[in-house]
Amino acid sequence: MKVLFLGYSQLGYRAVRLLRELGCEVAAVVTHHDDPAENRWYRTPAEAARELGLPLHYSDELAAAPGGIGALAGRLAPDLVLSVFYRDLLPAPALAAGRLAALNLHPSLLPAYRGRAPINWVLVRGEPRTGVTLHHMIGRADAGDVVGQRAIEIAPRETALTLYRKVEEEGVLLLAEMVPRVAAGTAPRLPQDESRASKFGRRRPEDGRIDWSWAAARIDCLVRAVAPPWPGAFAEVEGRRAWIYQGHPAGPVEADPAAKPSLPAVPAVPVDPAAARPAPGSVRRAAGRVWIATGDVWFEVEAAAGVAGVPPPADPFS
């Protein structure tokens, strides 16, 4: 089976190599140039193409060429057009070029979380479950018929990196299962339920801002969703911007977060709970630990930049 591959990321790298292992003819690899400002911690389809001696094209160069990606697809006449983390919607001529199908691997359980950055969004929103979906490409993003899916349970302390690694493994397994079935003409094709669809856009830098009046659980979700090697969440801490890379919800803000458990004291006079409650963003330090008051409980900061007394994050790849 002749395949035109389009993609990016380490999952894209592994997908190119998997296609060769499955005996496919990879007619060309189309990918994106690396962003020099990005912290690239993964291998890419361009590396796989060079390692395997495959024709390599870049999306921006094709966009400037006559006919663009559609003309390339027409010349190659592939059996399958396969997209894995490719960042652009493909034009109709490219989709029509695949004799058998034009498929995309998307990192969510469609129809939920169509669009950009679903790995981050499911963590921001506190979802317990996500997955990967192989689906037909149509004119609308992530809306075509489903070929196959694999579900992924999200662990309580999951980060974007640990979830990405799960997505990568399940994505490879799904492709290994379904690409041969596509070639044999036995792959399923199930329409998506539009009543269950949700769509999310590209995450902006401002989306990483913490509001200390939020509940600590919401803050925790955001911190884990953009933890290193992503840029991290940020907030105002003691009058200056700080980056929060790791932490967790702690005890009630009315209590001293560093205090040892004891029998509750009986006040001599009634105490107004609101008066005893630190304002959101208030900082407490004790025994080398740092807590910040949120809208409900303390949030203990375990790794940060710009917070006195908190160490920087550990290397996530060590």
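Given the condition modelled with pLDDT of 75 or more, assigned by TED's automatic domain parsing to the domain that holds Pro229, acidic (Asp, Glu) and out of contact with any Ser or Thr (no Cβ under 9 Å at 6 or more places or on another chain), answer yes or no: does some residue in the stretch 271-283 qualify?
Taking every residue of the stretch 271-283 in turn, none turns out to be modelled with pLDDT of 75 or more, assigned by TED's automatic domain parsing to the domain that holds Pro229, acidic (Asp, Glu) and out of contact with any Ser or Thr (no Cβ under 9 Å at 6 or more places or on another chain).
Residue-by-condition table, conditions (1) surrounded by fewer than 15 Cβ atoms within 10 Å (Cβ to Cβ); (2) in contact with a strand residue (DSSP E or B) (Cβ under 8 Å, 6 or more places away or on another chain); (3) at pLDDT below 95:
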residue: Gly70; (1), (2), (3): no, no, no
residue: Arg75; (1), (2), (3): yes, no, no
residue: Leu80; (1), (2), (3): no, yes, no
residue: Ala101; (1), (2), (3): no, yes, no
residue: Asn104; (1), (2), (3): no, yes, no
residue: Leu123; (1), (2), (3): no, no, no
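Could you check, for the stretch 182-194, whether at least one of its residues is under 16 Å from the mean Cα position of the chain (by Cα) and surrounded by fewer than 12 Cβ atoms within 10 Å (Cβ to Cβ)?
Looking for residues that are under 16 Å from the mean Cα position of the chain (by Cα) and surrounded by fewer than 12 Cβ atoms within 10 Å (Cβ to Cβ), one finds none in the stretch 182-194, hence no.
Scan the stretch 156-192 for residues that are over 24 Å from His136 (Cβ atoms) and among the β-branched types (Val, Ile, Thr) and report the count.
2
State yes or no: is Arg181 under 22 Å from Arg196 (Cα atoms), not hydrophobic (A, V, I, L, M, F, W, C) and either not in a loop (DSSP other than H, G, I, E, B) or not assigned by TED's automatic domain parsing to the domain that holds Cys221 (or both)?
It is false that Arg181 is under 22 Å from Arg196 (Cα atoms), not hydrophobic (A, V, I, L, M, F, W, C) and either not in a loop (DSSP other than H, G, I, E, B) or not assigned by TED's automatic domain parsing to the domain that holds Cys221 (or both).
Suppose we filter the stretch 1-59 for residues that are in contact with a strand residue (DSSP E or B) (Cβ under 8 Å, 6 or more places away or on another chain) and either free of Cβ contacts under 8 Å to residues at least 40 places away in the same chain or not hydrophobic (A, V, I, L, M, F, W, C) (or both); how many remain?
26
Only residues that are in contact (Cβ under 8 Å) with a residue 24 or more places away in the chain, within 17 Å of Gly306 (Cβ to Cβ) and of a type in the set (A, V, I, L, M): list them for the stretch 279-293, please.
Scanning the stretch 279-293 gives Val283, Ile292.
Scanning the stretch 210-264 for residues that are more than 18 Å from Gly281 (Cβ to Cβ) and free of Cβ contacts under 8 Å to residues at least 12 places away in the same chain, which turns out surrounded by the most Cβ atoms within 10 Å (Cβ to Cβ)?
Checking each candidate, the answer is Ala259.
Looking at the stretch 164-181 only, could you name the residues that are within 14 Å of Pro118 (Cβ to Cβ) and either surrounded by fewer than 15 Cβ atoms within 10 Å (Cβ to Cβ) or among the hydrophobic types (A, V, I, L, M, F, W, C) (or both)?
Val167, the sole residue that qualifies.
Criterion first (under 30 Å from Ala216 (Cα atoms), in contact with a Lys or Arg (Cβ under 7 Å, 6 or more places away or on another chain) and surrounded by fewer than 16 Cβ atoms within 10 Å (Cβ to Cβ)) does Glu153 satisfy it?
yes
Filter the stretch 304-318 for residues that are free of Cβ contacts under 8 Å to residues at least 60 places away in the same chain and under 18 Å from His248 (Cα atoms) and give the result.
Gly309, Val310, Pro311, Ala314
When residues of the stretch 82-98 are filtered for being over 26 Å from the mean Cα position of the chain (by Cα) and modelled with pLDDT under 95, how many remain?
Adding up the residues that qualify gives 0.
Going by the conditions given, is Arg202 of a type in the set (D, E, K, R), closer than 27 Å to Ala141 by Cα and surrounded by 13 or more Cβ atoms within 10 Å (Cβ to Cβ)?
So Arg202 fails the test.
The values are calculated or read from the model by the stated rules, or taken from the named source; none is laboratory data. What you are looking at is a predicted structure, and each value in this text was computed from that prediction instead of being measured. Every residue, glycine among them, receives a Cβ derived from its backbone with ideal geometry; neighbour counts consider all protein chains shown.
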